[in-house]
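Reading through the structure tokens given below for one structure.
The values are calculated or read from the model by the stated rules, or taken from the named source; none is laboratory data. From a predicted model like this one, the values you see are computed outputs, not experimental measurements. Note that each Cβ is placed from the backbone with ideal geometry, even for glycine, and that neighbours are counted across all protein chains shown.
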Amino acid sequence: MQLHVKGRNLEVSDSIRSYAERKLGKLDRWINAVAEVEVELAVEKNPSIADNQVAEATVRLKGHTLRAHSASRDMKVSIDDLVENLVRQVKEQRVKTRRFRRQTVEHES
């Protein structure tokens, strides 16, 4: 898995970068090494938005692209929610792919 962590409107500190990399490491067991994961961390400057710490991710799999978005008052909480959402999406995608493969094999027989 190729992981890219970048910031929008903020400098990504080493501690946040390593935290995001450690948490997104959970995806390793669900996706292959060819997959590309791009995480963008941002801080919304609008004072009326309470949940201003935003984490967005794009996962490019073979033939599919998954996206997730999470916002909260703390960047680490946003990253945690983002990872949960991505793991759920990747699991669902794997189940769909396996179901499709099984159906095509049954129809060919």
Taking only the range 11-24 into account, find how many residues are more than 12 Å from the chain's Cα centre (by Cα) and either exposed (fewer than 15 other Cβ atoms within 10 Å of the Cβ) or closer than 17 Å to Arg67 by Cα (or both). 6
Checking Ser109 against (1) among the polar types (S, T, N, Q); (2) at pLDDT below 95; (3) under 13 Å from the mean Cα position of the chain (by Cα), the condition it does not meet: (3)
Have a look at Leu41, Leu27 and point out the one that is within 25 Å of Thr97 (Cα to Cα) and either surrounded by 14 or more Cβ atoms within 10 Å (Cβ to Cβ) or charged (D, E, K, R) (or both). Leu27
What number of residues in the range 7-28 are assigned to a helix (DSSP H, G or I) and of a type outside the set (Lys, Arg)? 11
Farther than 27 Å from Arg98 by Cα, crowded, with 18+ Cβ neighbours inside 10 Å, within 15 Å of the chain's Cα centre (by Cα) and among the polar types (S, T, N, Q): does that describe Ser78? yes
